[in-house]
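S.K.: Take this structure first; my questions come after.
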Amino acid sequence: AKAKGSDYLTEGNKLAFRYGLKDYYFNIVHIVRDENEIEVEAYSLNFELLNEQKGAYKASKAMTFAEYFNLFNSEGTILLGINEVSDKSMLCEWTETETILARMNNIARIFEAEIEFVPKLNADYSLSKIVMNVYHEHSNKEQGMGKDRTDIVLRYGKNVIGITKTSDITKLYTAIRPYGKD
């Protein structure tokens, strides 16, 4: 907490860096600070994806993934990159309001796909764009987004040094009391 520059670790600021050949871009959303340490919680997507809501929608015809993507990404917040399900069309309906991120995840589920968001930084580490890649969902025929790593066996104490479990019951409801008639 006393290190030079630690005062920049505040909610609303960004963390942007390159590691290996990948760009990383985070929005700081939560800070816990005491006199010795700062705990930072940051999300890797922009606030439009995390907070902007999209309402109910019923397609009038079968549409491709790209068509749904463009419909719900009307501000052009993200760009569509790789699209391995470009040959599919589906007739979809949503009855609930949800964030753009939740809607994109729902579209991916319907199209049996996996999505990844890849930030691209400018030379000064400001955000240039976010690209969303769409891959076939993992199956017996398709690898999916990840890599096949059956060559590695994870063992506690060897290549797994710790396990953390976090639990929270702050939103637990133990009863519902109905009011009114019928």
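The values are calculated or read from the model by the stated rules, or taken from the named source; none is laboratory data. Treat the numbers as computed from the prediction; the structure is a model and nothing was measured. Because the Cβ atoms are built from the backbone with ideal geometry, glycine has one as well, and the counts that use them run over all protein chains shown. Each accessible area value is taken on the protein alone, full model and side chains, heavy atoms only, with ligands, DNA and RNA left out. Shrake-Rupley method; radii C 1.70, N 1.55, O 1.52, S 1.80 Å.
S.K.: What about residue 114, is it in contact with a His (Cβ under 9 Å, 6 or more places away or on another chain), under 25 Å from residue 12 (Cα atoms) and in a strand (DSSP E or B)? If you could, list the steps in order and put the result at the bottom.
M.R.: Numbers: in contact with a His (Cβ under 9 Å, 6 or more places away or on another chain): yes; under 25 Å from residue 12 (Cα atoms): no; in a strand (DSSP E or B): yes.
So residue 114 does not fit the description; no.
S.K.: Read through the list (1) open to solvent by less than 80 Å² (accessible area, probe 1.4 Å); (2) without any contact (Cβ under 8 Å) to a residue 40 or more places away in the chain, then give the number of the only condition that residue 36 fails.
M.R.: The failed condition is (1).
S.K.: Of all residues in region 80-121, which are open to solvent by 30 Å² or more (accessible area, probe 1.4 Å) and of a type in the set (D, E, K, R)?
M.R.: Residues satisfying the conditions are 84, 87, 88, 93, 96, 98, 109, 112, 114, 116, 120.
S.K.: Which condition number in (1) without any contact (Cβ under 8 Å) to a residue 60 or more places away in the chain; (2) surrounded by 14 or more Cβ atoms within 10 Å (Cβ to Cβ); (3) more than 16 Å from residue 43 (Cα to Cα) is the one that residue 76 fails?
M.R.: (2) is the only condition that residue 76 fails.
S.K.: Another question about this same structure. Exactly one of (1) assigned to a loop (DSSP other than H, G, I, E, B); (2) out of contact with any helix residue (DSSP H, G or I) (no Cβ under 7 Å at 6 or more places or on another chain) is unmet by residue 109. Its number?
M.R.: Unmet for residue 109, out of (1) assigned to a loop (DSSP other than H, G, I, E, B); (2) out of contact with any helix residue (DSSP H, G or I) (no Cβ under 7 Å at 6 or more places or on another chain): (1).
S.K.: Quick one: residue 56 ticks every box in (1) under 22 Å from residue 124 (Cβ atoms); (2) open to solvent by 30 Å² or more (accessible area, probe 1.4 Å); (3) of a type outside the set (D, E, K, R) except a single one, so which number is it?
M.R.: Every condition holds for residue 56 apart from (1).
S.K.: Can you name the residue in region 122-177 that is among the polar types (S, T, N, Q) and part of a strand (DSSP E or B) and is also most open to solvent (accessible area, probe 1.4 Å) among such residues?
M.R.: If we take residues in region 122-177 being among the polar types (S, T, N, Q) and part of a strand (DSSP E or B), then 128 is most open to solvent (accessible area, probe 1.4 Å).
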